[in-house]
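What follows draws every value from the coordinates through simple rules; no lab data is involved. Bear in mind the structure is a predicted one, so any value in this text is a computation, not a measurement. In this analysis, Cβ positions are derived from the backbone assuming ideal geometry, glycine residues included, and neighbour counts consider all displayed protein chains.
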Amino acid sequence: MTGPGFRLAALAVTLLAAIAFAGTPAAAAPYTAGRGTLTLSTSTVGPGGRVTANAGGYAAGGEVRILVGDATAATVRGDGKGLVAAEFTVPDGVRGQVEVRALGLDPDRATRVLTAPLTVLDGNAGKPAAAAAPDQAGDGGGAGGGTVGILLTAAALLVVGAALAATRARRRAG
């Protein structure tokens, strides 16, 4: 089995493996998560509510952004010890279980991201809003989407295309 069909299939499998492992993080990535703590003044708030976030481990005087979901809610500067405190208003349209992130540089100039959960109540019923669809791909994309799912779909299509090309080549030769 060394014909063009076999070579195409082997290439497709190799590409599939490369794509599958492309999202694996490097062992020494310049990213710090989990060292330090982000605390919120409350874990549950109504729409448009005010929350205070406190975090540490950032560069002294460095800028730290507070994000609620994907929306920037506040930007503050660390004090002389790298501590930050920010009061922010929950952005319009944010409901349900969301992640609050404090994003800035640590004293070694590596990106530091600290997270804390926040539940934003539905303004009408006073209950948590319905959560988004679960992350089927396991890549944080939610609702089953995300880069990994797209890449795996593309790889599967490549394998099918290689198989079709091999079949066509056999029919022409035979």
Original post:
Put a dot 7 Å past each Cα toward the Cβ at A110 and R65; how far apart are the dots in nm?
Top reply: 2.1 nm
Subject >> Pair D122, L164: separation of 7 Å Cα→Cβ label points (nm) >> reply: 4.4 nm
Subject >> Estimated dipole of segment 34-131 in Debye, rounded to 20 [Cβ of Lys and Arg +1, of Asp and Glu -1, Cα centre] >> reply: 120 debye
**OP:** Could you tell me which of Q97, P107, G78 has its Cα farthest along the dipole of segment 34-131 towards the positive end, charges placed at Cβ (Lys, Arg +1; Asp, Glu -1), taken about the Cα centre?
**Re:** P107
